[in-house]
Amino acid sequence: MRTLRVVGLHEDGKSIVCEDPARRERFLLPADERLRAAARGDITRLGQIEIELESHMRPREIQARIRAGESVEQVASTAGVPLQRVERFAYPVLLERSRTAELAQQAHPVREDGPDVQTLGEVVAYSFGVRGQDYSQATWDSWRGDDGRWVVGLQWMAGRSENRAHWAFSPGAHGGTVTAIDELAEALLDPNSYRVPRAVDRPDDDEQPTLDYRADAGAKVIEAPIPEPSDDDTTEMPRVAAEDPDALLPEPEPQARPAKPKRKKNHPAVPAWEDVLLGVRSQRG
């Protein structure tokens, strides 16, 4: 790299004349904002000028986007510049967002009867404990909303689900106040809203269901019609011989029907309830 020396100001008043001492060659250097910043050693201003030249997004706009909640990666992608150049202007704004998130945790949630005695951080930590979740894995952040007010957000994982809760933060005396914006934020402010689902009530295993017990309330009861006896029906109930009054009716099949009582001498057979349902008609002797 050759070293040049400054000869003086060009006659147009907008350029600097430089010369190569070895070859006696002269060069014209525009006296623009970058040259003046370099002469002052203002590195920050040089970075701003580079971004302005390479992108239509000015440093003030970059900081406004970061303050509104965008990440350095998002702004760099939008501006079309390297991350390092955006980080120069994003760093102080990111510190501001982090500090605001810390202050919001010391604010008091607004209840129906006024601000809570406990802080937002205390209430949320207790809610995480009630739900059996790890509060240390949750992350806080803050940014300015479209209305210019600060919004504080909490992000955490529950299983494979990513959850986010948001509050509006109003700085003020005694830490300021926060107001829930979404349902998750409201739920975290009310630890008592968390309930463990109860099991469906069912009878004990050793308790036999009665006739009016329904396993399914939505089940339909189908009534089987009992056919009327006809004159052509000659079906007779089994009879026991008169000389054997102690004889029993045939034993029912296992788990099919209960045993029938003994029949008394010289009395007609009484049909069982199952036979009535099946439409069997007995003949009187």
Expected single match for touching a residue at least 60 places away in the same chain (Cβ under 8 Å) and under 21 Å from VAL178 (Cα atoms) among TRP143, TRP156, TRP150 is TRP143
Among the residues of the range 53-89, count how many are under 32 Å from the mean Cα position of the chain (by Cα) and either in the same structural domain as VAL178 (by TED's automatic domain parsing) or hydroxyl-bearing (Ser, Thr, Tyr) (or both). 3
Considering only residues that are at pLDDT 90 or above and either in contact with an Asp or Glu (Cβ under 6 Å, 6 or more places away or on another chain) or not in a strand (DSSP E or B) (or both), look in the range 148-169 and name the one that is surrounded by the fewest Cβ atoms within 10 Å (Cβ to Cβ). GLY148
Out of all the residues in the range 112-141, which are farther than 16 Å from GLU186 by Cβ and part of a helix (DSSP H, G or I)? GLY121, GLU122, ALA125, GLY129, TYR135, SER136, GLN137
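The values are calculated or read from the model by the stated rules, or taken from the named source; none is laboratory data. Predicted model, so just to flag it, every value in this text is computed and none were measured. For neighbour counting, all protein chains shown are included, and Cβ atoms are generated from backbone atoms with ideal geometry for every residue, glycine included.
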